[in-house]
1. For segment 30-41, enumerate the residues that are within 26 Å of the chain's Cα centre (by Cα) and either surrounded by fewer than 16 Cβ atoms within 10 Å (Cβ to Cβ) or touching a residue at least 60 places away in the same chain (Cβ under 8 Å) (or both).
2. Which pairs have Cβ atoms under 8 Å, sit 6 or more apart or on different chains, and link a residue in segment 8-29 that is farther than 13 Å from Thr43 by Cβ to one that is part of a loop (DSSP other than H, G, I, E, B) and modelled with pLDDT of 85 or more?
3. Considering only segment 19-30, I want to know if a residue exists there that is in contact with a Phe, Trp or Tyr (Cβ under 8 Å, 6 or more places away or on another chain), outside any loop (DSSP other than H, G, I, E, B) and modelled with pLDDT under 65.
Amino acid sequence: MERLKKAITAAELRAALAITLPLVLGLRLEQTALAIGRTIGVTCRMRTRYDSATGEEKKTTRSKCELRNRAKASLKQEVRILDEASILVVQFKNIIICHCGVFLS
């Protein structure tokens, strides 16, 4: 109930209702989703993100770009590196072709 009182934005209120309605009124997931105007999946996520131990919402999942395993460079750095590598490949290809006696540019 305290979470309902602290809700400032509509999103915070919906998240509080997604947690409170099933506990207080005994609503099922489908009924809760209908009451707060969200899909069942979104309502389920709202409920599972809530950490009952701390009384706060858990950290949201990371985006696909943030999930790059063992990445040593940022995406911008990778683009720059790949651009440089492609230039080197083209230059190398031209050297090989010239060396074989056929010149294509």
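The values are calculated or read from the model by the stated rules, or taken from the named source; none is laboratory data. None of the values given here were measured: they were computed from a predicted structure. Here Cβ is always computed from backbone atoms with ideal geometry, including for glycine, and neighbour counts include all displayed protein chains.
1. Glu30, Leu34, Gly37, Thr39, Ile40, Gly41
2. Qualifying pairs under 8 Å: none.
3. Of all residues in segment 19-30, those in contact with a Phe, Trp or Tyr (Cβ under 8 Å, 6 or more places away or on another chain) come to 19.
Among the residues that remain, those that are also outside any loop (DSSP other than H, G, I, E, B) are: 19.
Going one step further and asking which of them are modelled with pLDDT under 65, we end up with none.
No; the residues of segment 19-30 include none that is in contact with a Phe, Trp or Tyr (Cβ under 8 Å, 6 or more places away or on another chain), outside any loop (DSSP other than H, G, I, E, B) and modelled with pLDDT under 65.
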